[in-house]
Amino acid sequence: MVMVTMARPAPNGAPYRSLGERIARLRIGRGTARRPDVSQGELAERVGIAQTYVSAVERGLNRPEPETLRQIARALTTSYMDLAILAGYADPPTNYRPSDADADWFMDKPDTFRRGVRRMWDSFLDSPGAIFSSDEPPPDDEGDPR
């Protein structure tokens, strides 16, 4: 069953273009085996909204309610805060960089750099008073470059 959310037009006719472009880029710019592209219909079904509403959001015509935006972020496995800032629900903190930019920056680094960061992470886990144990894999341990 697909729940239809009422469209919320942007105030003063100012479209939420950057929010819509970001959602569209997250939805169709994935293209990997681990994170395949998602159609508007698939996203709508995952979130429980109409496909036409997803389309309107991506065109910057509508701004989802905060809870709907949270569900969109969860369905696209991205940071809710990134989308909330673009939607105007939150102010960006100082020194703010979107989470995808961080991931892209890290993945563009050579394997030796990524292995070094991994060794530092492991030494942190093994230090006294660490809140995690090195027996647990870190989140997203797929493709471990060690």
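Coordinate-derived values only; no laboratory data. None of these values were measured; they are calculated from a predicted model.
Observations, loosely collected:
- For residue 62, the amide hydrogen comes within under 5 Å of the amide hydrogens of 16, 57, counting only partners 5 or more places away or on other chains and with H modelled in the peptide plane.
- At full extension, residue 18 and residue 91 could sit 24.8 nm farther apart than now, given 0.36 nm per residue minus the alpha carbon distance.
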